[in-house]
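This report concerns only the one structure given below.
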Amino acid sequence: MIDRTYTMDTLTDLSAAVETARLLIRSALEAHPGKVALSCSFGGPSGMVLLDLALREEPRLPVFFIDTGLLFGESYDLIARVEARYGIAVEVARPKQSVAEQAATHGDALWRRDPDACCALRKVDPLRAYLHDYDVWMTAIRRDQTAARGALAASAWDEANQVVKLAPLAGWSEERVWAYIKAHDVPVNPLHADGYTSLGCVPCTRRVRSDEDARAGRWPEFAKTECGIHV
Ligand code: SF4
């Protein structure tokens, strides 16, 4: 588990990293006025840090989440807290079908039989549709989260969604993320304190043990580690 006590070195390092992230965010906002959107799952600490950082740069920045209809109640509650604290209305990217409609078309609990197909319908397609109106997609993914994310660029063309994908926290560590959260009293999902280090949909998320990676609790019954929106 992460050590959440911080030395002076950690905090000095944090302020340099914050400045770098701010520069990236500011550059995108200036180069693409009105065409930058920030996605947040409300299920991980990095997303909350980026949301706080980005809204300090542009309080009217569009913030959206992909509502699969299967998220934890605590994630929806966090959205309400964020809206009150930052004075924003979080936008929603929705799948074409409700969970019940998907069950009628593809059978019950598709996530148990074919989670890639389920994620394509409930996450990948809605994201692509939402980003159609934007030039830049800002996301809080980091290189240290999974091996597949190890080569992540802070800014790169995203062919699948036809946007620039900006990852201002690409080089941040989990420790740095929590140092920022503590320093700025950023709201986070309360389930992180209950063993859930990364939250997605309820049927595909479990608690992680202290010796596991932060994302080990996602799709625990499968080799799958990504929903398909990032890699
Ligand atoms: S995380 Fe699970 S339930 Fe959610 S969209 Fe993917 S497969 Fe479906």
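Figures for the structure shown
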read-out	value
Per-residue SASA entry for residue 182, accessible area with 1.4 Å probe, Å² rounded to 10	130 Å²
Residue with peak Gaussian network fluctuation, the chain [Cα springs, cutoff 10 Å], from 219, 157, 137	157
Gaussian network model of the chain, springs between alpha carbon atoms under 10 Å - residue of 156, 216, 93 with greatest fluctuation	156
For q = 0.18, 0.20, 0.24 Å⁻¹, Debye-computed log10 I/I(0) when each Cα of region 64-177 counts as one equal scatterer	-1.18, -1.29, -1.30
Of 24, 38, 169, the one that fluctuates the most in a GNM where the chain has Cα springs shorter than 10 Å	24
Cα-based convex hull volume of region 103-156 per residue, rounded to whole Å³	107 Å³
5 angstrom amide H check on residue 138, placed H, neighbours 5+ away	37, 38, 39, 166
Reciprocal of mean inverse Cα separation for the chain (Kirkwood radius, Å)	18.1 Å
Mean shadow area of region 122-231, taken as a quarter of the surface of its Cα convex hull (nm²)	7.7 nm²
For region 7-122, convex hull of alpha carbons as volume per residue, Å³	147 Å³
CD proxy at 222 nm, helix term only [per DSSP H run n ≥ 4: -39500 (n - 2.57); per residue of the chain; nearest 500]	-11000 deg cm²/dmol
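The values are calculated or read from the model by the stated rules, or taken from the named source; none is laboratory data. Keep in mind it's a predicted model, so treat the numbers as computed, not measured. Keep in mind that these areas ignore ligands, DNA and RNA; they rest on the heavy atoms of the full protein, side chains included. Shrake-Rupley method; radii C 1.70, N 1.55, O 1.52, S 1.80 Å.
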